[in-house]
Number of protein chains: 2
Amino acid sequence: MFSIGEFSKLSGLTVKTLRFYHEEGLLVPAFVDPGTGYRYYDERQIETARVIAYLRNLEFSISDIKELLGQADEAGLLDLLERQRSQIKEQVKHLQKTIRSLDQFISEERQGLAMAEISENVSEKNLDAMLVAGIRVKGRYSECGKGFARLGRGFGRLICGSPLLLHYDSEYRDDDADFEACLPIRQRKSVEGASVRELPAARCVALVHKGPYDQMGRSYAKVLKWIKDRNYKVVLPTREVYLKGPGMIFRGNPKNYVTEIQIPVEG
Amino acid sequence: MFSIGEFSKLSGLTVKTLRFYHEEGLLVPAFVDPGTGYRYYDERQIETARVIAYLRNLEFSISDIKELLGQADEAGLLDLLERQRSQIKEQVKHLQKTIRSLDQFISEERQGLAMAEISENVSEKNLDAMLVAGIRVKGRYSECGKGFARLGRGFGRLICGSPLLLHYDSEYRDDDADFEACLPIRQRKSVEGASVRELPAARCVALVHKGPYDQMGRSYAKVLKWIKDRNYKVVLPTREVYLKGPGMIFRGNPKNYVTEIQIPVEG
DNA sequence: TGTTGACTCTCCCCTTAGGGGAGGTCTTAC
DNA sequence: GTAAGACCTCCCCTAAGGGGAGAGTCAACA
């Protein structure tokens, strides 16, 4: 006969656990002193304790273990084992899906962080044609968020790049602007209210703007000066690419937003 | 402004959950009527609620989410994401190990069940030589369990078959038997107290016995009669193979035990 | 204006598998 | 005899809500 402390060392279960198993009727001490309440365990119970620990390791619940120990029936045992297996398999599946989502999230955030490295100089580059889905809006710029939200819901995983805004006005307008929220997509699909088409290739003058949107005026001025200096002609619509903005998940800090101004030009 | 019920439908979170998030300070209603305590939610909170639901899906804890929503810091965000990822990866690893253990357990049990299909007729067969580890004991048969336990601990995953007992007595002895507990192994290894050697090939008369060990006398009688009828000569040691006995984990039901008696013979 | 049914409130207990600790009792060694 | 260490019971705590009781509130309809 072993006291609970000795038995704890022999079985590898803590004293608390042993008391708990007693209370649960899972591992009842061979003898309990009626006067003092002291628990005394039998030598044969070491094996039982090991079995219980083993089954706990296999993620069986206490009540499952009680059932397992209670029955000597083969078929029922196999059944319980397989149920447990498939349950755990489900958990694994779910966690793996979670990991995939996290990975995507992480890579998006990483890319956002990498954006901060890009230089802020005016440059000229050739844009390739790309397939986009767009929703055209006339009104305030603050309305564009809804457009992106609708596009996002409609095209989901077909999206293959950063969202962009096309400006059809030749000058800045505050409350009656004509613009189009666009998302690059990898495959055509018809969604109500959205126009899917190829955005043509273009030579453009570009500048990366870092910081909140309300400070983009200076950046625009820089680009337009460049264009004027070289006597280029602006081709509408102009583009604004949101390399890093308020994400799906987190609003982020506006001073870390990164936007590329792309002004298509001729001549 | 939406009542909690409306907001629950809009956000997909239960009313209980919303109240809980309020209590936790995670999603505080835009307005709480001081007179009635009614919660009213803002339109913008739908997005927050969705974000929270999304993060809960990624297995973030409430306090993690509070932290995530509280900070707009990129680096901290990435850090939290990666910590979460590696934590979940750990969980997956553990569960997969669990599944492997369960699989082994299941296959053992299945094999045991398959044993029940074997016929119970005396037969003659040729046994191949096999490598075994054995511990020889003189004494009571009830001592053999300890021998198997020691062998099991010593050889672990090298074991490649059912345990067997070799009987060196030419007749049955109760309290001073000479026998050896053996386990077939797939590779030599020296373990204190155990002898590793090749058990020779042999022609033998065999019979599968189903049921508890104390009823093996009848089965032995059947085999010995067969041998006597044919004038064979018994070659010691005889063997008893425990196709299904009290397993590592479960004692099982003795009436389902399956044992093969193998008596090597000459002539 | 009254009623009624649906909605909401707070408060309390419950879930798993034990962990932590307080306060009191028991055993055991010196 | 005494003191240390072992053991006891009892109570509270975990995470993320779920279930329900009893009471108050809102909105529609007569």
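Counting only residues that are free of Cβ contacts under 8 Å to residues at least 24 places away in the same chain and either within 42 Å of the chain's Cα centre (by Cα) or within 29 Å of residue A:97 (Cβ to Cβ) (or both), region B:1-17 holds 6 of them. Checked against (1) within 16 Å of residue A:2 (Cα to Cα); (2) more than 10 Å from DNA strand D (Cβ to nearest atom); (3) modelled with pLDDT of 95 or more, residue A:26 passes all but condition (1).
Residue count for region B:1-21, restricted to those that are in a strand (DSSP E or B) and either within 10 Å of DNA strand D (Cβ to nearest atom) or within 14 Å of chain A (Cβ to nearest Cβ) (or both): 1.
Listed here are the strands (runs of 3 or more DSSP E) enclosed by region A:156-253 that have at least 1 residues being modelled with pLDDT under 95 and within 14 Å of chain B (Cβ to nearest Cβ): A:202-210, A:238-244. Listed conditions (1) within 10 Å of DNA strand C (Cβ to nearest atom); (2) surrounded by fewer than 13 Cβ atoms within 10 Å (Cβ to Cβ); (3) closer than 14 Å to residue A:65 by Cβ are all met by residue A:36, apart from (3). Scanning region A:1-33 for residues being near DNA strand C (Cβ under 10 Å from one of its atoms) and either touching a Pro at 6+ places or on another chain (Cβ under 6 Å) or among the β-branched types (Val, Ile, Thr) (or both) gives a total of 3. Among the residues making up region A:33-69, those that are away from chain B (no Cβ under 14 Å) and closer than 28 Å to residue B:98 by Cβ are A:41, A:62, A:63. Every test in (1) surrounded by 13 or more Cβ atoms within 10 Å (Cβ to Cβ); (2) not in a helix (DSSP H, G or I) is passed by residue B:150 save one, and that test is (2). Just give me the residues in region B:57-79 being assigned to a helix (DSSP H, G or I) and crowded, with 16+ Cβ neighbours inside 10 Å, in sequence order. Answer for region B:57-79, where residues must be assigned to a helix (DSSP H, G or I) and crowded, with 16+ Cβ neighbours inside 10 Å: B:64, B:65, B:66, B:68, B:69, B:74, B:77, B:78. Residue B:82 meets the stated requirement of being away from DNA strand C (no atom under 15 Å from the Cβ) and either touching a residue at least 40 places away in the same chain (Cβ under 8 Å) or surrounded by 12 or more Cβ atoms within 10 Å (Cβ to Cβ) (or both). Residues that are within 13 Å of DNA strand D (Cβ to nearest atom), among the hydrophobic types (A, V, I, L, M, F, W, C) and within 26 Å of residue A:61 (Cβ to Cβ) within region A:29-51 comprise A:30, A:32, listed in sequence order. Please work out which residue is nearest to the other protein chains (Cβ to nearest Cβ), limiting yourself to region A:93-121 and to residues that are assigned to a loop (DSSP other than H, G, I, E, B) and of a type in the set (A, V, I, L, M). Result: A:116. Here residue A:94 meets each of (1) more than 21 Å from residue B:245 (Cα to Cα); (2) within 15 Å of DNA strand C (Cβ to nearest atom); (3) under 36 Å from the mean Cα position of the chain (by Cα) with one exception, condition (2). In a residue-by-residue description of region B:245-259, the property of being in contact with a Leu (Cβ under 6 Å, 6 or more places away or on another chain), closer than 24 Å to residue B:110 by Cα and surrounded by 13 or more Cβ atoms within 10 Å (Cβ to Cβ) applies to at least one position. All conditions but one from (1) away from every other protein chain (no Cβ under 11 Å); (2) at negative phi apply to residue A:74; the one that does not is (1).
Report, by residue number, each residue of region A:173-191 that is in contact (Cβ under 8 Å) with a residue 24 or more places away in the chain and either small (Gly, Ala, Ser) or more than 30 Å from residue A:100 (Cβ to Cβ) (or both). Step through it out loud before you land on a result.
The first filter runs over region A:173-191 and keeps only residues in contact (Cβ under 8 Å) with a residue 24 or more places away in the chain, leaving A:174-189, A:191.
Scanning region A:173-191 gives A:174, A:175, A:176, A:177, A:178, A:179, A:180, A:181.
The values are calculated or read from the model by the stated rules, or taken from the named source; none is laboratory data. All of these numbers come straight from a predicted model, not from anything done at the bench. Heads up, the Cβs are rebuilt from the backbone with ideal geometry, glycines too, and the neighbour counts pull from every protein chain shown.
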